[in-house]
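Trainee: Could you have a look at this structure, given as structure tokens, before my questions?
The values are calculated or read from the model by the stated rules, or taken from the named source; none is laboratory data. No experiment lies behind these values; they were computed from the predicted model shown. Every residue, glycine among them, receives a Cβ derived from its backbone with ideal geometry; neighbour counts consider all protein chains shown. What goes into the accessible areas is simple: the full protein's heavy atoms, side chains included, and nothing from ligands, DNA or RNA. Shrake-Rupley method; radii C 1.70, N 1.55, O 1.52, S 1.80 Å.
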Amino acid sequence: MSTAAAPTPDTVIDVLLDWHDPAARRLPWRAATDAYGVLVSEIMAQQTQAERAAVSWTAFMRRFPEVGALAAAPVGDVIQAWEGLGYNRRAVNLHRCAIAITTDHDGVVPDTLEALLALPGIGPYTARAVLAFAHDADVVPVDTNVARVLSRLHDRALTRPQAQTLADELTGRGVGPRLSAALMDLGASRCTSRTARCEGCPMRTVCRWAGGPGPDPAAAGGHRPRPQGTFAGSTRQARGRLVDAMREGPVDDDVAMQLAGSHGRGLLDRLVADGLAVRTTEGFALPGWSGKA
């Protein structure tokens, strides 16, 4: 670990904001003017690269332009519109969020951390991201990109609470939304997980790690990506196949069992329990899907 002094919050803020060009990473929801659009974008990007989620966000917002429309739609229609994003339970959680916002918050996305965390599928990062980007709050949400930057900047592995504490130290100047975008964009474009492009990095002169010679501190810690098993033959693959098949219409029991493969009836039961399928007289279908593309 470096013996150099840790950069002060003011130095980090000044350097990052001087470097950052908000237009450099063109994500469509950055022009969103309502909290609902930001909420949709953050749930889409929870386990999907932002650039990939951006392709789906515009079409999704056209189909469900406000929170009431999403809440009123059958959950099967929301799952249908989620095609291509993976991790389909997020679509169910987003639908449940919309219902909770409509029934408990008069259709207005909450603007407090406590209320946001009480929504289905909303964790500490997503709640703070909505506060920052939808409500202009002076908070810094910590995703894997931000945690990686902070870990290298301070040259130490960080637990999730430690990373959030360091991010909280960067608040107080009213620049939370701008700073959050800058940290995320630095982690996505330069301080990446595969390659730390330290040469020319705006933070190089204040970064305690700056490429070594010590080991990469971001290779450990609470925010490093968790390794996943082989996709082929996995539960994730079988679940995806079944949901994709149901997007085309109801699936009879024999076909469903074939698609479940070695995971068998238990996988089908879990899809039903997760709100991704309902049993029909002949097999399985998306819950309440209207059949509209």
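Trainee: Rounded to the nearest 20 debye, what is the charge dipole size of the stretch 192-262 about its Cα centre when +1 sits on each Lys and Arg Cβ and -1 on each Asp and Glu Cβ? Kindly include the intermediate steps, with their values, before the conclusion.
Mentor: Numbers: 10 positive and 7 negative charges, 129 e Å.
In total the dipole reaches around 620 debye.
Trainee: Quick one: angle between helix 124-135 and the longest Cα principal axis of the chain, in degrees between 0 and 90, rounded to 10, please.
Mentor: Relative to the chain, helix 124-135 is tipped by roughly 80 degrees.
Trainee: Here's a follow-up. Please give the Cα centre distance for the stretch 98-143 versus the stretch 237-293, rounded to the nearest Å.
Mentor: 31 Å
Trainee: Rank by packing, highest mean first: peptides 55-68, 156-169, with packing defined as the count of other Cβ atoms within 10 Å averaged across residues.
Mentor: On the way: 55-68: 16.2, 156-169: 18.1.
Taking the mean over residues of other Cβ atoms within 10 Å, the ranking is 156-169, 55-68.
Trainee: With a 1.4 Å probe and all protein chains left in place, how much accessible area per residue does the stretch 1-93 have, in Å²? Spell out each step's value before the answer.
Mentor: On the way: 4420 Å² over 93 residues.
That works out to 48 Å² for each residue.
Trainee: Between I79, V206, P65, whose Cα lies farthest towards the positive end of the dipole of the chain when Lys and Arg beta carbons carry +1 and Asp and Glu beta carbons carry -1, centred on the Cα centre?
Mentor: My answer, from the dipole projection, is V206.
Trainee: To the nearest 10 degrees, how steeply does helix 35-44 sit against the main Cα axis of the chain, on a 0 to 90 scale?
Mentor: Taking Cα atoms only, the helix is inclined about 80 degrees.
Trainee: Now for a different question. Pop out the carbon and sulfur fraction of the accessible area of the chain as a percent, whole number, probe 1.4 Å. Present the calculation step by step, with values, prior to reporting the outcome.
Mentor: Values: 7360 of 14230 Å².
Looking at the chain in its full context, I get 52 percent from C and S.
Trainee: Further question on the same structure: Could you work out the Kirkwood radius for the chain, taking every pair of different alpha carbons, averaging 1/r and inverting it, reported in Å? It would help to have the intermediate numbers written out before the result.
Mentor: Working: mean 1/r = 0.0484 Å⁻¹.
So the Kirkwood estimate lands at 20.7 Å.
Trainee: Give, in nm to one decimal, the length gained when the segment between A59 and A220 is fully stretched (0.36 nm per residue of separation minus the Cα-Cα distance). Mind dumping the intermediate values first?
Mentor: Numbers: separation 161, 0.36 × 161 = 57.96 nm, distance 3.73 nm.
Taking A59 through A220 to full extension adds about 54.2 nm, to one decimal.
Trainee: Relative to the Cα centre, what is the charge dipole magnitude of the stretch 154-238, using +1 at the beta carbon of each Lys and Arg, -1 at the beta carbon of each Asp and Glu, and rounding to the nearest 20 debye? Before the final figure, lay out each step's value.
Mentor: On the way: 12 positive and 6 negative charges, 33 e Å.
Roughly 160 debye for the stretch 154-238.
Trainee: Relative to the first principal axis of the alpha-carbon coordinates of the chain, what is the inclination of helix 9-19, with its axis defined by its Cα atoms, in degrees from 0 to 90 and to the nearest 10?
Mentor: Relative to the chain, helix 9-19 is tipped by roughly 70 degrees.
Trainee: Also: For the chain, build the charge dipole from Cβ charges (+1 Lys, Arg; -1 Asp, Glu) around the Cα centre, then report which of F231, V38, C97 sits farthest towards its positive end.
Mentor: F231
Trainee: How much accessible surface does E282 have with a 1.4 Å probe, in Å² rounded to 10?
Mentor: The accessible area comes out at roughly 140 Å².
Trainee: I'm a student and want to see the number: the projected area of the Cα convex hull of the stretch 15-125, averaged over all directions, in nm².
Mentor: Details: hull surface 29.6 nm².
Convex hull of Cα atoms, orientation-averaged projection: 7.4 nm².
Trainee: When only Cα pairs under 8 Å and 6 or more residues apart are kept, what is the percent relative contact order across the stretch 185-293?
Mentor: Working: 78 pairs, mean separation 19.5, N = 109.
It rounds to 18 percent for the stretch 185-293.
Trainee: Shifting gears a bit: What is the dipole size for the stretch 92-165, taken about its Cα centre, with +1 at each Lys and Arg Cβ and -1 at each Asp and Glu Cβ, in debye to the nearest 20?
Mentor: Magnitude of the dipole: close to 480 debye.
Trainee: Could you calculate the FRET efficiency of L113 with D136 from 1/(1 + (r/R0)^6), where r is the beta carbon distance between them and R0 is 22 Å, rounded to 0.05?
Mentor: Efficiency at R0 = 22 Å is approximately 0.95.
Trainee: In the Gaussian network model of the chain, springs joining C-alpha atoms below 10 Å, which of V149, V75, V278 carries the largest mean-square fluctuation?
Mentor: V278
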